[in-house]
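To start, the structure under review is shown below, and the notes come after it.
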Amino acid sequence: MTAPVLELDGITKRFGALTANDDVSLTLAKGEVLALLGENGAGKTTLMNILFGHYAADAGEVRVKGKPLPPGKPRAAIAAGVGMVHQHFTLAGNLTVLENITIGSEPLWRLTTDRDSAAKKIARLSETFGLPVDPGARIADLSVGERQRVEILKALYRDAEVLILDEPTAVLARPEAEQLFRTLRGMALGGLSIIFISHKLHEVMSASDRVTVLRGGRVVAERRTADTNPAELAELMVGRAVSRPVRQAHEAGGPVLVAKGLQARGSGTPLDGIDFEVREGEILGIVGVSGNGQAMLGRVLSGLTRPHAGTLTYRGQDITHLTPRDAVRMGLGRIPEDRHAEGIVGDLSVWENAVLERIRDFASRGFVRRKAAQEHAADLIRRFDIRGATPATRTRLLSGGNMQKLILGRNLAAGPRFLLANQPTRGLDEGAIAAVHRELLQARAEGAAILLISEDLDEAVGLSDRVQAIVKGRLSAPVPAERADARKLGLMMAGVWDHADAV
């Protein structure tokens, strides 16, 4: 056997009392695709950040092609042929593809970029690895999938031989994700070694050669992908058998939120005269390929963008010109699509984020009642299993999935009569997904009207009573979930419905 291209030996990393990685060892062979699997907060991203030099380990060693890698030095990792694509893109939207790829790759003393040579190299890499992009395009004008390609090309431009991808499909629709993994398999056949973090078991099964499972910061299992299955991997991740809850049929009540002829413009795809209603004790699912108006719909229902035509009513009251303050005051719950930008304030503590939208409930004579707020946060931590958190923990130190559980808990604990759940399980592990689904179905059983926006068809069909597809800012007619099979939803998401039925 040839020597491994990458070795992590006895890696341990602590953040105060929290041990994020505990004596972790793994290897990666040339041309191998290794999936790193684990619950939210299991230590996967921390481990990869140590490998790439963002963090220095408290113990252990990283070796690339047999040579120790200096700890805490990303430049040393890049020089050794390690590239990393982060879950949240690190691209400058106002710069071109070429500028984003080449920035930081040339000596400081060079006053100009050799744009012709750079463009030729990018074109060569694009063709070799099947990553088509326009070097002159502005990042802000690209789709999410195209930005993902730019991030990968940025690593390859620096001659990466080991590529780390942290949740590479977290913001991709399924067709984009499938294309990405076909590309990665081709790259591995060309000799590139790949580690990818994912919570999506079907991706792990289809894309990897081998799986390493972390739980509580330790390696608990390694499997050849061909020798395992999704059920076993899910159980290894959480330490118990995992099953998603099943929606039970029940009678919905009257309309809670009603939109008629809603039109809205702004950044992104506009809404083009849509109608829908969400009833008491019902989950209405909105499905569609990313970029078809979901973001605009979420902004309108949060009061961040005002419609320029149509009406929006809540329990019979006109809220067409809703503001964010109105939404909070009226008890409209919201799980935003982007938890980092709109869901939490990372530098505030968990207890401060837990009461952000209900601060008046925890204030007296202009002062925040800290003890009550901290007790409330502690209750949320227990009820929603927010790992690695105390009320005093800085929220930015939580994993993405545990941030999501904090946002979910903050909203559901308030007992909303309406809840916007926009991509509520994006980036969550299987155990956390099952927990979120249980909470949403419980809220439905208690009479909440829930609008679920999801790109996960299994989730939408499993949770929703009725489903509508959004295409270029227009909505299809609603279809009962029992009739919404994969073929029908696929056609609806492609815009194939009778013109007379479009609403």
| request: Kindly check whether there is at least one residue in the stretch 63-73 that is out of contact with any Pro (no Cβ under 9 Å at 6 or more places or on another chain), surrounded by fewer than 22 Cβ atoms within 10 Å (Cβ to Cβ) and within 28 Å of ALA137 (Cα to Cα). | output: no
| field | Residue selected from the stretch 356-377 under the condition in contact (Cβ under 8 Å) with a residue 24 or more places away in the chain and of a type outside the set (Lys, Arg), by the criterion nearest to LEU297 (Cα to Cα) | value | GLU357
| field | the stretch 267-300, residues that are in a loop (DSSP other than H, G, I, E, B) and under 22 Å from GLY495 (Cβ atoms) | value | GLY268, THR269, PRO270, GLY288, VAL289, SER290, GLY291, ASN292, GLY293
| said: Considering only residues that are among the acidic types (Asp, Glu), under 19 Å from ASP326 (Cα atoms) and buried (at least 16 other Cβ atoms within 10 Å of the Cβ), which ones fall in the stretch 345-369? | reply: GLU357
| request: Could you please find all residues in the stretch 447-482 being under 19 Å from the mean Cα position of the chain (by Cα) and not hydrophobic (A, V, I, L, M, F, W, C)? | output: SER454, GLU455, ASP456, ASP458, GLU459
| request: Please give the number of the condition GLY401 fails out of (1) crowded, with 22+ Cβ neighbours inside 10 Å; (2) more than 21 Å from ALA42 (Cβ to Cβ); (3) not aliphatic (A, V, I, L, M). | output: (2)
| Subset of the stretch 64-85 [of a type in the set (D, E, K, R) and closer than 22 Å to THR19 by Cα] | LYS73
| request: Taking VAL246 as meeting all but one of (1) in the same structural domain as ARG325 (by TED's automatic domain parsing); (2) surrounded by fewer than 18 Cβ atoms within 10 Å (Cβ to Cβ), write down the number of the exception. | output: (1)
| task | Go through (1) in a helix (DSSP H, G or I); (2) under 26 Å from LEU441 (Cα atoms) and name the single condition GLU352 misses. | result | (2)
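Residue-wise test of (1) within 30 Å of GLY16 (Cβ to Cβ); (2) crowded, with 24+ Cβ neighbours inside 10 Å.
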| site | (1), (2) |
| --- | --- |
| THR393 | yes, no |
| GLY409 | yes, no |
| ALA414 | no, no |
| ARG426 | yes, no |
| ALA432 | yes, yes |
| GLU439 | yes, no |
| GLN442 | no, no |
| ASP458 | no, no |
| SER464 | no, yes |
| query | Being in contact with a strand residue (DSSP E or B) (Cβ under 8 Å, 6 or more places away or on another chain) and closer than 26 Å to ARG426 by Cα, is that true of even one residue in the stretch 171-180? | reply | no
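For LEU262, state whether it is assigned by TED's automatic domain parsing to the domain that holds GLY490 and in contact with a Pro (Cβ under 6 Å, 6 or more places away or on another chain).
Considered against the rule, which asks whether it is assigned by TED's automatic domain parsing to the domain that holds GLY490 and in contact with a Pro (Cβ under 6 Å, 6 or more places away or on another chain), LEU262 comes out as yes.
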| said: Among the residues of the stretch 370-389, what is the count of those that are loosely packed, with under 15 Cβ neighbours inside 10 Å and not in a helix (DSSP H, G or I)? | reply: 0
| said: Being farther than 19 Å from PHE418 by Cα, at pLDDT below 95 and assigned by TED's automatic domain parsing to the domain that holds ARG426 narrows it down to one residue among GLY291, GLY298, GLY366; which is it? | reply: GLY291
| Sole residue being of a type in the set (A, V, I, L, M) and modelled with pLDDT of 80 or more, chosen from VAL144, VAL171, VAL133 | VAL133
| What pairs can you find where one residue is in the stretch 242-253 and touching a residue at least 40 places away in the same chain (Cβ under 8 Å), the other is in a loop (DSSP other than H, G, I, E, B), and their Cβ atoms are less than 7 Å apart, with a gap of 6+ or different chains? | HIS250/GLY281; ALA252/GLU280; ALA252/GLY281; ALA252/GLU282; ALA252/ASP465; GLY253/GLU280; GLY253/GLY281; GLY253/GLY447
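The values are calculated or read from the model by the stated rules, or taken from the named source; none is laboratory data. Small disclaimer: the values here were computed from a predicted structure and weren't measured. Every residue, glycine as well, gets a Cβ built from its backbone with ideal geometry; the counts of neighbours run over all protein chains shown.
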